[in-house]
Amino acid sequence: MSGRAPRPAEESAKLRQKEELSRRIKEQKIVVDELSNLKKNRKVYRQQPNSNIFFLVDRTETLSQCKNTLDELKKAHQEIENSEKTKIKK
């Protein structure tokens, strides 16, 4: 039974997950680009989740965190791509 094709609901869920991941990657690329193009003396603020409160943060630390997040998102996207390729080969 495992040799059967995935159900349409499973395929659409995977497609939505892949699209969401692609969207987050694009957003994260923009954030990294904006942070890396800032002048050295500019201030960076981070918004608290689910509030309108902002806190001053270190620019270089924030840039590093954003790059790490981008790398993790790219890795997850690559894993999805690889799993799709292996399913096609089977």
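The values are calculated or read from the model by the stated rules, or taken from the named source; none is laboratory data. What you see is a predicted model, and the numbers here were worked out from it, not measured in a lab. Here Cβ is always computed from backbone atoms with ideal geometry, including for glycine, and neighbour counts include all displayed protein chains. All accessible areas refer to the heavy atoms of the entire protein, side chains included, with ligands and DNA or RNA removed. Shrake-Rupley method; radii C 1.70, N 1.55, O 1.52, S 1.80 Å.
Rolling a 1.4 Å probe across the protein heavy atoms gives segment 2-90 an accessible surface of 85 Å² per residue. For LYS74, neighbours were defined as the other residues whose beta-carbon sits under 12 Å from its Cβ, and their charges (Lys and Arg +1, Asp and Glu -1) total +1. Once the chain from GLU20 to GLU84 is taken as fully extended at 0.36 nm per residue, the excess over their C-alpha distance is 21.4 nm.
Give the Kirkwood hydrodynamic radius (Å, one decimal) of segment 1-70, defined as one over the mean of 1/r across all pairs of different Cα atoms. Before the final figure, lay out the partial values.
Working: mean 1/r = 0.0670 Å⁻¹.
Hydrodynamic radius (Kirkwood, Cα only) of segment 1-70 equals 14.9 Å.
Using C-alpha pairs under 8 Å with a sequence gap of at least 6, the mean separation divided by the residue count of the chain gives a relative contact order of 29 percent.
A crude spin-label estimate for the pair ASP33 and LYS74, with each label 7 Å from Cα along the Cβ direction, gives 1.4 nm. Ordering of 46-57, 28-39 by packing is 28-39, 46-57, highest average first (other Cβ atoms within 10 Å, averaged per residue).
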